[in-house]
1. Answer with yes or no whether residue 52 is part of a helix (DSSP H, G or I), free of Cβ contacts under 8 Å to residues at least 60 places away in the same chain and closer than 15 Å to residue 127 by Cβ.
2. Could you list all residues from the range 1-52 that are modelled with pLDDT of 75 or more and of a type in the set (S, T, N, Q)?
3. Looking at 21, 39 in this structure, which one is within 23 Å of residue 101 (Cβ to Cβ) and aromatic (Phe, Trp, Tyr)?
4. Look at residue 47 and say whether it is among the charged types (D, E, K, R) and touching a residue at least 40 places away in the same chain (Cβ under 8 Å).
5. Taking the condition surrounded by 13 or more Cβ atoms within 10 Å (Cβ to Cβ) and either at pLDDT 90 or above or within 25 Å of the chain's Cα centre (by Cα) (or both), does residue 97 pass?
6. For residue 42, state whether it is of a type outside the set (Gly, Ala, Ser), in a helix (DSSP H, G or I) and in contact with a helix residue (DSSP H, G or I) (Cβ under 6 Å, 6 or more places away or on another chain).
7. Based on what the data block shows, is residue 39 surrounded by 11 or more Cβ atoms within 10 Å (Cβ to Cβ), of a type in the set (Phe, Trp, Tyr) and more than 11 Å from the chain's Cα centre (by Cα)?
8. Based on what the data block shows, is residue 67 out of contact with any helix residue (DSSP H, G or I) (no Cβ under 8 Å at 6 or more places or on another chain) and of a type in the set (D, E, K, R)?
Amino acid sequence: MDKDIRVGLQKLQWVNNADTFVHQCRGSCRDTLRKIKSFQEHDSQIRHEYDKLSITILTQIKKQMYKLPEFNDIQNKELEAKKGLFKGSFEKIRSLLIENYKQLFMDHGAPVQREWINTMRDLDKALEKSLKLSVKATLLDF
């Protein structure tokens, strides 16, 4: 978008017709808005997956007496079910991040790549927080 505007501002003169310049700028703005909306939508979906993970309780404990083998079987089955949920969330998050990178960050220079790395660090911290909340909820349930 900056490139389109800069070219127009440097080469456009008062005697020229500005319609083409305005049309190009509006197209660039539309494209930029589409990319921003896509990024925001993907970010929202990723945060939703984090929220889903953070409220996941990893055990299934009822108020009853268990024999140890029975208790272990129930917990192993529950962990396998939650493992599927975690894998599904991970795959969704991974695919959204790959799509974001390809659409917005891949073909750009060092400053944009640094922002991508900062975004990844923030998302890693948020994922770590979600996993800690899941473990905390499990321990409180236990």
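The values are calculated or read from the model by the stated rules, or taken from the named source; none is laboratory data. All of these numbers come straight from a predicted model, not from anything done at the bench. Heads up, the Cβs are rebuilt from the backbone with ideal geometry, glycines too, and the neighbour counts pull from every protein chain shown.
1. Spelling it out, residue 52 is indeed part of a helix (DSSP H, G or I), free of Cβ contacts under 8 Å to residues at least 60 places away in the same chain and closer than 15 Å to residue 127 by Cβ.
2. 20, 24, 28, 32, 38, 40, 44, 45
3. Checking each option against the conditions leaves just 39.
4. Working: among the charged types (D, E, K, R): yes; touching a residue at least 40 places away in the same chain (Cβ under 8 Å): yes.
Spelling it out, residue 47 is indeed among the charged types (D, E, K, R) and touching a residue at least 40 places away in the same chain (Cβ under 8 Å).
5. Answer is yes for this residue.
6. Spelling it out, residue 42 is indeed of a type outside the set (Gly, Ala, Ser), in a helix (DSSP H, G or I) and in contact with a helix residue (DSSP H, G or I) (Cβ under 6 Å, 6 or more places away or on another chain).
7. When the stated conditions are applied, residue 39 does not pass them.
8. Details: out of contact with any helix residue (DSSP H, G or I) (no Cβ under 8 Å at 6 or more places or on another chain): yes; of a type in the set (D, E, K, R): yes.
Yes, satisfied.
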